[in-house]
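The values are calculated or read from the model by the stated rules, or taken from the named source; none is laboratory data. Since the structure is predicted, the reported quantities are computational estimates derived from the model, not experimental observations. Cβ atoms come from the backbone with ideal geometry, glycine included; neighbour counts cover every protein chain shown. All accessible areas refer to the heavy atoms of the entire protein, side chains included, with ligands and DNA or RNA removed. Shrake-Rupley method; radii C 1.70, N 1.55, O 1.52, S 1.80 Å.
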Amino acid sequence: MEQLHLQWSDLGYMAPELTLVIAAVVLSLLDLVLPKRINRTLLGWLSLASLIISIGFVISYLQPAETKQLLGFSYRIDDFANIIKLILLTGAGFVTFMSIGLIKEREIPHIGEFFYLLLPATLGGMIMASSGDLITLFVGLELLSITSYILVAMRKKDVRANEGAFKYMVLGGISSAIILYGMSFLYGMSGSTNIAEINSAIGQNAADLLPLIYVSFFLLLAGFGFKIAAAPFHMWAPDVYQGAATPVTAFLAVVSKAAAFAITFRVMYGIFVVGPLNQLPIHGDMLLSLMVVAALAMIMGNFTALRQTNMKRLLAYSGVANSGYLLVPLATYFSMVHYSNFSEFTFYLIAYLFMNIGIFAVVMIIEHSTGDETTSGLAGLYYRAPATAVGTVFLVLSLAGLPISGGFFGKLYILLGTLQTQNYWLAAVMIGTSVVSYYYYFGLIRQMFMRSDMESRDVVVTWPLGITLWLCVAASIVLGIVPQWVLSWIERIFSISQDLLFFG
């Protein structure tokens, strides 16, 4: 009989999640009882400490080929989840750290709430990464989504924030309903919400269920497409990114996106891509659909970014394009000549984390110093803050995918995998859109070195932002110099059969 309740011994495996739960409760109570005169920066440091402790627990559970099943196989502690959790916690830690001392009450009236709301949002992503059941997955998804709506709306005196939060909540609610509707078809066909059982059930009766399988797949693809901000489901992203406080935008761009990709991998591979369905024509149709969405995201994201002058809107469309690149390893499937999909995806996701957190740190530096969110705020940055400008160049090179940077090798590995599977048209889209992206990325470098700031505005780099910037620069360079270290670590830890394809 399946164990549907937790034993005391199981709680140790959930230490990373429990750490964030306890910290969120304690910090919310502290925020209530502390006098208003006490600086809420203290809550930021405590929030950061809880994230670091959680990272420590996750690292301790990284064991090759070891998997723990909890709550009747609905919650999994495997290395797929652990690697994703490390990315989520690292991203949330950077967002928290670079916000310390910079968040002002005129922007966010309740600073304490900002810091401790990041914890349940990250927790939702961690639950999504470990889900082996559709119900658990949806609980994590809604925890992340609802908390994100609140974070976006915290600048309640800003009209753009209110507009962005309203759009985000309405469209996010619609996308969640679409996902739930797709899940209902899967439950109707299989009589189960467990991903492995669904795969087995629909595979045995695929011939009779083909129309319903198609419907559930496309509903889930549309819902997940919204969550990862992939075209043509991306229209919410520019307004939300621009309206939200910059640390919240960084959180959405990195942590929320990584969590959404985790469930996309879990569900698409666990139910549709692998198993009995891969012997039927529907398998090719599903992979082609994923490729089309990836190609649309790369094309629409990069071409629309060409016309942007607001930094956060530009990075929103850059994120849309990167969603396309990250979808490619999922869409190309694995075979005897190509079985490193997850390694390619994870390597680029790690590179994406550092280059995006770093560039958002630059945006915060300029915004804090000059109040300017446009690309012209970078004008003459080399003459005003040379070290910051040099660091920004490295991050931009990584975003553009040029040697020697983490972004270059991330795109290169994905491109090589695409060529190995003989999807040449998709590889051509990757190359062509990457070339297009050079124009707007190099436009940022042109602003820093070839334009002058007519107002001669000083640039003040707070030490949390400076440390965040240079840690991200260093990580991007290391990923570009010794990428094989990270790839070999991922491949040593991760096993497709043990950590992603949990059948039986």
Taking the condition loosely packed, with under 14 Cβ neighbours inside 10 Å, at pLDDT below 90 and in contact with a helix residue (DSSP H, G or I) (Cβ under 8 Å, 6 or more places away or on another chain), does P35 pass? no
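Which of the residues belonging to the stretch 257-303 are charged (D, E, K, R) and under 18 Å from the mean Cα position of the chain (by Cα)? Please lay out each step first, then the result.
Going residue by residue through the stretch 257-303, those that are charged (D, E, K, R) are 257, 266, 285.
Within the stretch 257-303, K257, R266 meet the criteria.
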Among the residues in the stretch 211-219, are any in contact (Cβ under 8 Å) with a residue 40 or more places away in the chain and open to solvent by 50 Å² or more (accessible area, probe 1.4 Å)? yes
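Give, as residue ranges, the helices (runs of 4 or more DSSP H) completely inside the stretch 171-277 that count at least 1 residues that are under 27 Å from A351 (Cα atoms).
206-227, 237-243, 246-251, 257-267
Before we move on, is S369 open to solvent by 10 Å² or more (accessible area, probe 1.4 Å) and either at positive phi or in a helix (DSSP H, G or I) (or both)? Lay out the reasoning, then the answer.
Values: open to solvent by 10 Å² or more (accessible area, probe 1.4 Å): yes; either at positive phi or in a helix (DSSP H, G or I) (or both): yes.
For S369, the condition - open to solvent by 10 Å² or more (accessible area, probe 1.4 Å) and either at positive phi or in a helix (DSSP H, G or I) (or both) - is met.
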Being open to solvent by 60 Å² or more (accessible area, probe 1.4 Å) and at pLDDT below 90 is the filter here, so list the residues in the stretch 2-32 that pass it. E2, Q3, L4, H5, L6, Q7, W8, S9, Y13, L32
Could you please give the count of residues in the stretch 42-94 that are in a helix (DSSP H, G or I), over 16 Å from I127 (Cβ atoms) and modelled with pLDDT under 90? 5
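Yes/no matrix, rows are residues, columns are (1) without any contact (Cβ under 8 Å) to a residue 24 or more places away in the chain; (2) in a loop (DSSP other than H, G, I, E, B); (3) buried (at least 22 other Cβ atoms within 10 Å of the Cβ):
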| site | (1), (2), (3) |
| --- | --- |
| T392 | no, no, yes |
| L415 | yes, no, no |
| V436 | no, no, no |
| Y439 | no, no, no |
| F442 | no, no, no |
| I445 | no, no, no |
| C472 | no, no, yes |
| V486 | no, no, no |
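In this structure, is F494 touching a residue at least 40 places away in the same chain (Cβ under 8 Å), closer than 30 Å to A294 by Cβ and surrounded by fewer than 22 Cβ atoms within 10 Å (Cβ to Cβ)?
Numbers: touching a residue at least 40 places away in the same chain (Cβ under 8 Å): yes; closer than 30 Å to A294 by Cβ: yes; surrounded by fewer than 22 Cβ atoms within 10 Å (Cβ to Cβ): no.
Here the answer is no, as F494 does not meet what is asked.
Please determine whether any residue of the stretch 71-88 is open to solvent by 30 Å² or more (accessible area, probe 1.4 Å) and over 22 Å from D239 (Cβ atoms). Break it down into steps so the answer makes sense when it comes.
We begin by selecting, within the stretch 71-88, every residue open to solvent by 30 Å² or more (accessible area, probe 1.4 Å); these are 71, 73.
If we keep only those that are over 22 Å from D239 (Cβ atoms) as well, we get 71, 73.
Checking the stretch 71-88: at least one residue is open to solvent by 30 Å² or more (accessible area, probe 1.4 Å) and over 22 Å from D239 (Cβ atoms).
Can we say F166 is without any contact (Cβ under 8 Å) to a residue 60 or more places away in the chain, crowded, with 24+ Cβ neighbours inside 10 Å, in a helix (DSSP H, G or I) and among the hydrophobic types (A, V, I, L, M, F, W, C)? Even if it seems obvious, please write down each step before you answer.
On the way: without any contact (Cβ under 8 Å) to a residue 60 or more places away in the chain: yes; crowded, with 24+ Cβ neighbours inside 10 Å: no; in a helix (DSSP H, G or I): yes; among the hydrophobic types (A, V, I, L, M, F, W, C): yes.
The answer is no for F166.
Say we look at the stretch 107-132 and pick out the residues that are open to solvent by 10 Å² or more (accessible area, probe 1.4 Å) and either in a helix (DSSP H, G or I) or at pLDDT 90 or above (or both); which of these is nearest to G191 (Cα to Cα)? I'd like the intermediate steps shown before the answer.
Of the residues in the stretch 107-132, the ones open to solvent by 10 Å² or more (accessible area, probe 1.4 Å) are 107, 109-111, 113, 116-117, 120, 123, 127.
The next check asks that each one be either in a helix (DSSP H, G or I) or at pLDDT 90 or above (or both); those that pass are 111, 113, 116-117, 120, 123, 127.
Values: I111: 46, E113: 41, Y116: 38, L117: 36, P120: 31, L123: 29, I127: 23 Å.
The qualifying residue nearest to G191 (Cα to Cα) is I127.
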Verdict on I178 being surrounded by fewer than 17 Cβ atoms within 10 Å (Cβ to Cβ) and closer than 26 Å to S216 by Cα: no
Of all residues in the stretch 50-70 being surrounded by 18 or more Cβ atoms within 10 Å (Cβ to Cβ) and in contact with a strand residue (DSSP E or B) (Cβ under 8 Å, 6 or more places away or on another chain), the one that is nearest to N194 (Cα to Cα): L70
Condition (residue is open to solvent by 10 Å² or more (accessible area, probe 1.4 Å) and either within 18 Å of A260 (Cβ to Cβ) or not small (G, A, S) (or both)) applied to the stretch 318-327: is it met by at least one residue? no
Flag if D458 is touching a Phe, Trp or Tyr at 6+ places or on another chain (Cβ under 6 Å) and at pLDDT below 90: no
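Kindly indicate whether I359 is in a helix (DSSP H, G or I), open to solvent by less than 10 Å² (accessible area, probe 1.4 Å) and farther than 23 Å from I299 by Cα. Steps first, please.
Numbers: in a helix (DSSP H, G or I): yes; open to solvent by less than 10 Å² (accessible area, probe 1.4 Å): yes; farther than 23 Å from I299 by Cα: no.
Against the criterion (in a helix (DSSP H, G or I), open to solvent by less than 10 Å² (accessible area, probe 1.4 Å) and farther than 23 Å from I299 by Cα), I359 does not qualify.
Restricting to the stretch 148-163, what's the tally of residues that are surrounded by fewer than 21 Cβ atoms within 10 Å (Cβ to Cβ) and of a type in the set (S, T, N, Q)?
1
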Residues of the stretch 395-413 being touching a residue at least 12 places away in the same chain (Cβ under 8 Å), surrounded by fewer than 21 Cβ atoms within 10 Å (Cβ to Cβ) and in a helix (DSSP H, G or I), in sequence order, are Y413
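Going through the stretch 372-384 one residue at a time, which ones are outside any helix (DSSP H, G or I) and within 14 Å of M450 (Cα to Cα)? Spell out the reasoning first.
Filtering the stretch 372-384 down to residues outside any helix (DSSP H, G or I) leaves 372-374, 379-380.
Of everything in the stretch 372-384, those that are outside any helix (DSSP H, G or I) and within 14 Å of M450 (Cα to Cα) turn out to be A379, G380.
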Give just the number: which of (1) open to solvent by less than 10 Å² (accessible area, probe 1.4 Å); (2) of a type outside the set (A, V, I, L, M, F, W, C); (3) farther than 26 Å from A92 by Cβ; (4) modelled with pLDDT under 90 does R266 not satisfy? (3)
